[in-house]
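Only one structure is covered here, and it is reproduced in the block below.
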Amino acid sequence: MKIVVNPEYEYLREWIERIPSFFEKDGRIIHKARNILKVFSVDNGLDINIKRYKKPHFFNRIVYSFFRKSKAARSYSNTLVILEKGFEAATAIAYIEIKEKGLFSDSYFVSIQCHHVEEIRGYCEGSIAGREELIGAFAKYSAMLHDSGIYHLDYSPGNILFRMENGSYRFYLVDVNRMKFMPVGIDAGCRSFARLSRSDEICRYIGCIYARSRKIPFNEEKAIRLIIKYRNQFFRRKARMNSVKRIFKPKRPIV
């Protein structure tokens, strides 16, 4: 078992080492799908979020054993980079990797639980009316993120959290195992919004504010066209994939 602990949380090492033994039966589930997220409270009142990633299939077990960092390891290292660059993410405490018969098997990412935050998901559809301040702040935040060379490859509404603090919005990135740290140009920047909204009105508003807020010269109309173009491509592809899944999904027997 490999365990990497943030030096600031070395005092939790003994507890962290026992996570695989108590994760299944203890803690409060906050998300259960492909991966499982649970919250645990430790003795000093600290709330800790633990994400256990789904055990990969055989081929990926080989890949993660010898050729690529695990999702837990990438979440840990990417979080540290995001924080170093002055942006918010759930503070990384540790990650754990477990092997079975010499091959990668399970992994856990351990972080501080974010409190009093919302997903931006509930504000990304429909009309912009009444949401101008939030969506505008988000577009400016995205511009600063990209100007700082931070590029989230899954910039979806569920992976962006926010809260109001001292009269302004603060944004937090989560699910950060798929990131790139690189110069972000016009095309890549607009492509990142593809998953955010089906609403043309909201996409247009984001495009305008985002273009005005980038440090590099940016045409608003071009930004809007690119965002809507990549949005349409993403949702068409998603619809096709869902259609294929429905065709091959086994039917439940009639009882």
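Apart from one condition, TYR151 fits all of (1) assigned to a helix (DSSP H, G or I); (2) within 28 Å of ARG198 (Cβ to Cβ); (3) modelled with pLDDT of 95 or more; the exception is (1). Out of everything in segment 74-120 that is without any contact (Cβ under 8 Å) to a residue 60 or more places away in the chain and in contact with an Asp or Glu (Cβ under 7 Å, 6 or more places away or on another chain), what residue ends up being surrounded by the fewest Cβ atoms within 10 Å (Cβ to Cβ)? Taking the candidates together, the pick is PHE104. Tallying residues that are more than 28 Å from ASN49 (Cβ to Cβ) and without any contact (Cβ under 8 Å) to a residue 60 or more places away in the chain within segment 121-139 yields 3. The residues of segment 22-62 that are assigned to a strand (DSSP E or B) and out of contact with any helix residue (DSSP H, G or I) (no Cβ under 9 Å at 6 or more places or on another chain), listed by number, are ARG28, ILE29, ILE30, HIS31, LYS32, ILE36, LEU37, LYS38, VAL39, SER41, ASP47, ASN49. The listed residues are LYS71, LYS55, LYS51, and the only one of them that is in contact with an Asp or Glu (Cβ under 9 Å, 6 or more places away or on another chain), surrounded by 15 or more Cβ atoms within 10 Å (Cβ to Cβ) and closer than 19 Å to PHE23 by Cα turns out to be LYS51.
In the condition set (1) modelled with pLDDT of 95 or more; (2) surrounded by 13 or more Cβ atoms within 10 Å (Cβ to Cβ), SER65 is compliant with all but (1).
How many residues, within segment 146-189, are more than 16 Å from the chain's Cα centre (by Cα) and polar (S, T, N, Q)? The number of residues fulfilling the criteria is 3. When segment 196-217 is filtered for residues that are in a loop (DSSP other than H, G, I, E, B), out of contact with any Lys or Arg (no Cβ under 8 Å at 6 or more places or on another chain) and either closer than 12 Å to LEU153 by Cα or hydroxyl-bearing (Ser, Thr, Tyr) (or both), only SER199 remains. More than 30 Å from PHE40 (Cβ to Cβ), more than 16 Å from the chain's Cα centre (by Cα) and crowded, with 19+ Cβ neighbours inside 10 Å: does that describe ALA143? In short, yes.
With the condition kept exactly as written, say whether any residue in segment 125-140 is in contact with a Pro (Cβ under 8 Å, 6 or more places away or on another chain), surrounded by fewer than 18 Cβ atoms within 10 Å (Cβ to Cβ) and in the same structural domain as LYS222 (by TED's automatic domain parsing). No, segment 125-140 contains no residue that is in contact with a Pro (Cβ under 8 Å, 6 or more places away or on another chain), surrounded by fewer than 18 Cβ atoms within 10 Å (Cβ to Cβ) and in the same structural domain as LYS222 (by TED's automatic domain parsing). Looking for something touching a Lys or Arg at 6+ places or on another chain (Cβ under 9 Å), within 22 Å of PRO20 (Cα to Cα), part of a helix (DSSP H, G or I) and hydroxyl-bearing (Ser, Thr, Tyr) - is there at least one such residue anywhere in segment 100-123? There is no residue in segment 100-123 that is touching a Lys or Arg at 6+ places or on another chain (Cβ under 9 Å), within 22 Å of PRO20 (Cα to Cα), part of a helix (DSSP H, G or I) and hydroxyl-bearing (Ser, Thr, Tyr).
The values are calculated or read from the model by the stated rules, or taken from the named source; none is laboratory data. Remember, predicted model here, so these are calculated numbers, not experimental data. Every residue, glycine as well, gets a Cβ built from its backbone with ideal geometry; the counts of neighbours run over all protein chains shown.
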